[in-house]
Amino acid sequence: MARVVADSSGLIHLEKIGQLGLLQGLFGEVAIPQAVAREVQRTLPELPVWIRVHTLRGSIPSSIAQRSLGAGESETMALALERQIPWVILDDLDARQSEAE
């Protein structure tokens, strides 16, 4: 089971500098929601087997949906909450602040 859910920016930037494997070394499996899979498709047309795409089982909680976040950030946070995954990789300030509240 994944111990981290990642948004697209971290994956894209690590791939661009040839360091995407750092995440596998740190966390083993990385979970991403469908929206993130679509966002990283241009940079990562084939995801490594340790990056697993998950579909949300429910809807995005209103506490997340009411923020002005993109689909990737919203689904990343919702997936972490839904699957009780303790670590989230986000670069969006609004997303990080809503997690801290």
Subset of the range 9-21 [within 12 Å of ILE51 (Cα to Cα) and either surrounded by fewer than 20 Cβ atoms within 10 Å (Cβ to Cβ) or touching a strand residue (DSSP E or B) at 6+ places or on another chain (Cβ under 8 Å) (or both)]: LEU11, GLY21
Some residue of the range 31-44 being out of contact with any Asp or Glu (no Cβ under 9 Å at 6 or more places or on another chain), more than 16 Å from ASP91 (Cα to Cα) and among the β-branched types (Val, Ile, Thr): no
Per-region count, the range 57-77, residues farther than 12 Å from ASP7 by Cβ and either modelled with pLDDT of 95 or more or of a type in the set (D, E, K, R) (or both): 2
Single unsatisfied condition, SER74 versus (1) assigned to a loop (DSSP other than H, G, I, E, B); (2) in contact with a Pro (Cβ under 9 Å, 6 or more places away or on another chain); (3) hydroxyl-bearing (Ser, Thr, Tyr): (1)
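The values are calculated or read from the model by the stated rules, or taken from the named source; none is laboratory data. Since the structure is predicted, the reported quantities are computational estimates derived from the model, not experimental observations. Glycine also receives a Cβ, built like all others from the backbone with ideal geometry; neighbour counts cover every protein chain displayed.
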